[in-house]
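The values are calculated or read from the model by the stated rules, or taken from the named source; none is laboratory data. Source: prediction; values computed, not measured. When we count neighbours, we look across all protein chains shown, and the Cβ atoms used for this are built from the backbone with ideal geometry, even at glycine. Please note that ligands, DNA and RNA were not included when accessible areas were found on the heavy atoms of the full protein model with its side chains. Shrake-Rupley method; radii C 1.70, N 1.55, O 1.52, S 1.80 Å.
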Amino acid sequence: MTEFVEAAINAPGDISFTYIIPEELKGRLSLFQRVIVPLGNRKAIAFVTGFPDSSPVANLKNVSSLFDPLPVLDKNLSGLAFWMAEEYASSLGMCLHTMLPDKLKVFPPSRGSFPDLPERFTDGSAVKVKNSVRSIELPRVKREAEYLDIIKRTAAAGGKTMIILPETDLISDFAVKIRAAGVLTVEANAKLPQGKQFLALTAMQGEGPLCVVASRQGLFLPVRDLRAVILEEENANSYRSDETPRFLARDVLVERAKRSGFDVILGSYLLSVDTRHRFPPEKSEFFSPGRITVVAFKNRFRMLSPLAVKPLEDAVKKGKNAVLITTRKGFATATFCDECGSVIRCGKCGIPLVQHKEDSTLRCGYCGIKSPIPESCPKCKGILLSGIGDGVERAEAEAAELMPGVRTARIDTEALKRKSDRAGAKAEFKLGSGRLAVGTHLAIAYLAGIDGGAAVISGIEHLMNRNDFRAVEQALSFVAKAADTAPVSAKLILQVRDGKNPVARAVQGGSVEEFMRMELAQRKELLYPPYSRLAFITLSGKTEEELKNFQHIFGLSLEKHNSSGVEILGPLELGKSFAGFRSQFLLRSQTGVGALIKAAKAELSRDKKFRAKMIDVNII
């Protein structure tokens with residue numbers, strides 16, 4: 001029996017440490033079980049990743065103690081962690097930590113408190129079949145009917161299913177629907193107390209049919225005899241992690257399914273361009289002509305068109321609720337030329353310049369450059385310049401002016417700072433009548449409470465002109481989510497500056513297929529995903545000099561290890577943030593992006609000066 005154990009810690013450095021197994025722990029350790037180990041002058045939690053026969057390092061320290069009485073991750077899930085570490089250029093320890101259920105990140109499972117916990121968690125289908133990945137594009141009611149049919153059929157066959165939802169607030173309501181269909185259901189999310197989370201884990205490891213209703217963390221929950229997983233609203237922003245490792249839920253789920261042998265169902269009212277390309281929908285039904293009325297309106301002095309305001313006013317007068325949605329907080333996010341249609345952008349960074357009223361300047365959100373608002377368009381010299389991406393405060397002021405006496409509630413993170421405030425405001429709106437909610441994306445949830453009422457969506461030009469190759473697609477998804485949430489009886493109006501923009505054309509004529517073809521053609525020409533992989537690598541330093549030295553060394557390392565011909569762009573200076581100075585490299589290639597970043601990071605980790613440096617990697 002080996003005397004050594006290899007362990008990975010939850011830290012950015014892709015380094016494993018070797019320890020000696022003390023006598024009292026020999027024969028008690030398993031792969032991917034957590035242990036307490038000495039690390040410098042402190043103790044750390046580490047994952048057991050191997051049992052080497054020997055070690056070239058002298059004077060090794062002992063493992064201090066066990067942290068988990070049993071390993072939580074089985075071979076399928078731990079194998080997925082290795083895949084994630086390579087795919088997203090992250091450390092194995094951070095990937096393993098990410099996969100743990102929230103409460104288990106802090107509290108080990110206790111068999112004394114939960115005697116029904118198994119000797120080892122297992123995951124995946126007991127009936128090994130070739131898994132499939134399917135997608136459906138249907139309105140919410142029809143999607144839910146499809147989901148319930150899959151859940152009931154799987155339960156009748158004795159297997160388990162899981163449905164992953166983009167928002168924790170949706171879990172309880174959907175669990176009620178599944179229980180009403182006669183299927184045993186457990187809920188899993190970070191809000192559950194420790195005891196309930198462990199009881200849910202026990203149920204997932206039990207025998208017999210079950211449906212798990214979970215948040216994004218469901219991607220990594222160990223479920224015995226799991227036959228199918230449904231990813232609802234697969235294109236939701238919440239499915240992309242904003243912490244290292246920056247994974248995409250869909251891709252992780254598809255990879256897990258290959259290893260664990262279950263089917264995947266991807267659902268949404270409007271699938272992402274990438275998903276439609278990789279997994280063409282079996283069923284599609286969206287944006288029937290007439291569902292959304294498009295109103296074109298350009299006015300330097302007014303945000304809202306009379307044609308858009310009238311349906312809101314009519315609905316409120318009839319005692320129905322109405323919603324006005326815009327895309328930004330505060331007051332304009334870009335400056336638009338009414339004569340040539342161009343947006344004034346930063347010459348250095350290429351992103352739209354933000355208009356600030358307090359000092360009449362245009363500013364870049366990346367490099368911080370500031371200049372007075374020009375008197376004419378830099379492109380055509382036209383003098384008709386307008387602010388676009390109008391904020392919710394301006395929308396609220398205009399609504400109050402145009403509809404005096406209407407009870408109005410503002411719905412954004414400034415007005416409703418706490419989640420409890422948001423939940424209370426939404427419940428109050430739904431129970432009331434003749435009310436108008438004016439808000440940002442948070443107000444989309446209020447659309448469920450406008451039966452027979454009306455809603456206006458304004459300001460999508462801001463979304464379309466963001467610094468992202470997916471910006472136009474995401475603007476269409478924003479409108480689609482609103483249409484999917486609102487009752488069929490509600491009147492929907494999309495107010496735009498140009499009635500011929502791609503989003504307006506898609507919703508007006510039901511030509512979503514044409515929109516998707518054009519998006520794919522453009523991405524293929526410019527070598528954007530799904531035809532390549534992009535990696536945004538952000539470096540930071542406390543001072544400009546420190547950052548320049550860091551980016552120089554990292555750039556040399558990228559060039560040194562670039563044997564696959566990956567295109568390396570940058571570094572681009574991102575300016576100063578609360579954490580210091582930042583810059584960014586962009587890597588683009590069909591293959592080899594993750595491997596190149598891993599190689600460059602590994603070289604830097606061997607230098608003590610750079611070992612503790614944070615490198616933020618976002619691969620898409």
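When you check residue 278 against the structure, is it under 16 Å from the mean Cα position of the chain (by Cα), under 22 Å from residue 532 (Cβ atoms) and not β-branched (Val, Ile, Thr), yes or no? No, not satisfied.
Condition check ((1) open to solvent by less than 20 Å² (accessible area, probe 1.4 Å); (2) free of Cβ contacts under 8 Å to residues at least 24 places away in the same chain; (3) touching a helix residue (DSSP H, G or I) at 6+ places or on another chain (Cβ under 9 Å); (4) closer than 30 Å to residue 586 by Cβ) across all residues:
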| position | (1), (2), (3), (4) |
| --- | --- |
| 448 | no, no, yes, no |
| 457 | yes, no, yes, no |
| 467 | no, no, no, yes |
| 470 | no, no, yes, yes |
| 473 | yes, no, yes, yes |
| 478 | no, no, yes, yes |
| 481 | no, no, yes, yes |
| 493 | yes, no, yes, no |
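Listed by position, the strands (runs of 3 or more DSSP E) enclosed by region 366-433 that each have at least 2 residues that are β-branched (Val, Ile, Thr) and either at pLDDT 80 or above or surrounded by 14 or more Cβ atoms within 10 Å (Cβ to Cβ) (or both) are 407-411. Summed over region 566-583, the residues that are modelled with pLDDT under 90, touching a strand residue (DSSP E or B) at 6+ places or on another chain (Cβ under 7 Å) and not in a strand (DSSP E or B) give a count of 1.
Of everything in region 12-41 that is open to solvent by less than 30 Å² (accessible area, probe 1.4 Å), assigned to a loop (DSSP other than H, G, I, E, B) and out of contact with any helix residue (DSSP H, G or I) (no Cβ under 6 Å at 6 or more places or on another chain), the residue that is farthest from residue 72 (Cα to Cα) is 22.
Would you check if residue 165 is closer than 30 Å to residue 489 by Cβ and at pLDDT below 95? No: the conditions fail for residue 165.
Cβ-Cβ distances below 7 Å connect the following pairs, each with a first residue in region 253-264 that is in contact (Cβ under 8 Å) with a residue 60 or more places away in the chain and open to solvent by less than 10 Å² (accessible area, probe 1.4 Å), a second residue that is in a helix (DSSP H, G or I) and among the polar types (S, T, N, Q), and a separation of six or more residues or different chains: 260/76.
Can you say whether residue 501 is open to solvent by less than 40 Å² (accessible area, probe 1.4 Å) and either of a type in the set (A, V, I, L, M) or touching a residue at least 12 places away in the same chain (Cβ under 8 Å) (or both), as far as the supplied structure shows? When the stated conditions are applied, residue 501 passes them. Considering the conditions (1) assigned to a loop (DSSP other than H, G, I, E, B); (2) under 29 Å from residue 538 (Cα atoms); (3) more than 25 Å from the chain's Cα centre (by Cα), residue 71 is excluded by exactly one of them, (2). Taking region 584-620 as the range and being at pLDDT 90 or above and of a type in the set (S, T, N, Q) as the test, the residues that pass are 584, 589, 590, 591, 618. Going by the structure shown, is residue 514 more than 29 Å from residue 319 (Cβ to Cβ) and surrounded by 18 or more Cβ atoms within 10 Å (Cβ to Cβ)? Answer is no for this residue. Considering region 548-564 alone, what residues qualify as being hydrophobic (A, V, I, L, M, F, W, C) and open to solvent by 40 Å² or more (accessible area, probe 1.4 Å)? Result: 553, 556.
For region 575-597, check the following and say yes or no: at least one residue is over 23 Å from residue 88 (Cα atoms) and touching a residue at least 60 places away in the same chain (Cβ under 8 Å). Scanning region 575-597 turns up at least one residue that is over 23 Å from residue 88 (Cα atoms) and touching a residue at least 60 places away in the same chain (Cβ under 8 Å).
For beta carbons closer than 7 Å, sequence separation of 6+ or different chains, a first residue in region 90-112 that is of a type in the set (Lys, Arg) and a second that is assigned to a helix (DSSP H, G or I) and at pLDDT 85 or above, the qualifying pairs are 105/97.
Screening residue 243 on (1) within 15 Å of the chain's Cα centre (by Cα); (2) within 14 Å of residue 219 (Cα to Cα); (3) open to solvent by 10 Å² or more (accessible area, probe 1.4 Å) shows it passes everything except condition (2). Looking across region 135-177, the residues that are open to solvent by 50 Å² or more (accessible area, probe 1.4 Å) and either under 23 Å from residue 276 (Cα atoms) or of a type in the set (Gly, Ala, Ser) (or both) come down to 140, 141, 142, 145, 149, 156, 157, 167, 172. Restricting attention to region 526-547 and to residues that are assigned to a helix (DSSP H, G or I) and within 25 Å of residue 88 (Cα to Cα), the residue that is most open to solvent (accessible area, probe 1.4 Å) turns out to be 526.
The condition of being part of a helix (DSSP H, G or I) and either basic (Lys, Arg) or out of contact with any Lys or Arg (no Cβ under 7 Å at 6 or more places or on another chain) (or both) holds for only one of 613, 560, that being 560.
Being touching a Lys or Arg at 6+ places or on another chain (Cβ under 7 Å), modelled with pLDDT of 95 or more, open to solvent by less than 30 Å² (accessible area, probe 1.4 Å) and among the hydrophobic types (A, V, I, L, M, F, W, C) is a property that residue 228 lacks.
Only one of the numbered conditions (1) over 24 Å from residue 32 (Cβ atoms); (2) surrounded by fewer than 23 Cβ atoms within 10 Å (Cβ to Cβ) is violated by residue 198, and that is (1).
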